[in-house]
Amino acid sequence: NAGVTQTPKFQVLKTGQSMTLQCAQDMNHNSMYWYRQDPGMGLRLIYYSASEGTTDKGEVPNGYNVSRLNKREFSLRLESAAPSQTSVYFCASSASRMNTEAFFGQGTRLTVV
Amino acid sequence: GIQVEQSPPDLILQEGANSTLRCNFSDSVNNLQWFHQNPWGQLINLFYIPSGTKQNGRLSATTVATERYSLLYISSSQTTDSGVYFCAVAWGGADGLTFGKGTHLIIQP
């Protein structure tokens, strides 16, 4: 099983450009999440989707939008990238909200110049 | 929100040594996980342990939910154990996981 797959693995953007990070899971999980990790810190939640058809803001949602395309896929969009969005982005999924084990993708390293 | 504090922040050990990493949290939790972030940045699930004790090879973990802490034990350390160890919790006030800042472990040969 692939688990949680993210694309791309690396990306360099110029300030003001847009891009979409893709995430897919093959574990039939209901809940999916996007996190960012900045140097020397743990991960912080950007957006989540508790179930197909729903999305909600997490701790640091400004500058991002998300789409839960179907049960498998959850994308993160940067409409106008800023240097402050330089980070490593992780997608995760879990069977249900809060009480079940979360599994993470391999991460996307994004640099905005 | 909930506070998750990990200690020590940094730890340097010789191969073969044992270590204990601690995670304190400020409120009741529904879920607690330990992760290892390897030098390539991958997050590897170690334990899903909201309470009790679990063991997996040289690693074991204990969560005492009533006292709001969890411990990760690593025995007979190997250089491949190097990396950052994160504790993360899920609690009633929020979706997703709240992470500590991690313990950076370096195992020297």
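Here are the numbers:
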{"item": "Residue list for region B:65-81, filter: closer than 27 Å to A:Tyr33 by Cα and over 13 Å from the mean Cα position of the chain (by Cα)", "result": "B:Ala65, B:Arg68"}
{"item": "Residue match in region A:49-63 (condition: of a type in the set (Ser, Thr, Tyr), out of contact with any Cys (no Cβ under 8 Å at 6 or more places or on another chain) and within 21 Å of B:Trp34 (Cβ to Cβ))", "result": "no"}
{"item": "Within region A:13-113, strands (runs of 3 or more DSSP E) holding 3 or more residues that are in contact (Cβ under 8 Å) with a residue 12 or more places away in the chain, touching a strand residue (DSSP E or B) at 6+ places or on another chain (Cβ under 9 Å) and among the aromatic types (Phe, Trp, Tyr)", "result": "A:31-37"}
{"item": "Residue count, region B:47-58 (criterion: surrounded by 19 or more Cβ atoms within 10 Å (Cβ to Cβ) and either touching a residue at least 40 places away in the same chain (Cβ under 8 Å) or assigned to a strand (DSSP E or B) (or both))", "result": "1"}
{"item": "Residue that is nearest to the other protein chains (Cβ to nearest Cβ), among those in region B:59-94 that are touching an Asp or Glu at 6+ places or on another chain (Cβ under 7 Å) and open to solvent by 10 Å² or more (accessible area, probe 1.4 Å)", "result": "B:Trp91"}
{"item": "Residue list for region B:95-109, filter: more than 8 Å from chain A (Cβ to nearest Cβ) and surrounded by fewer than 20 Cβ atoms within 10 Å (Cβ to Cβ)", "result": "B:His104, B:Ile106, B:Gln108, B:Pro109"}
{"item": "Selection count where residues are of a type outside the set (A, V, I, L, M) and either surrounded by 14 or more Cβ atoms within 10 Å (Cβ to Cβ) or part of a strand (DSSP E or B) (or both), scope region B:1-14", "result": "5"}
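The values are calculated or read from the model by the stated rules, or taken from the named source; none is laboratory data. Here the structure is a predicted model, which means the values were calculated and not measured. All Cβ positions, glycine included, derive from the backbone under ideal geometry; neighbour counts span all protein chains shown. Just the protein is used for accessible areas: all its heavy atoms, side chains included, with ligands, DNA and RNA removed. Shrake-Rupley method; radii C 1.70, N 1.55, O 1.52, S 1.80 Å.
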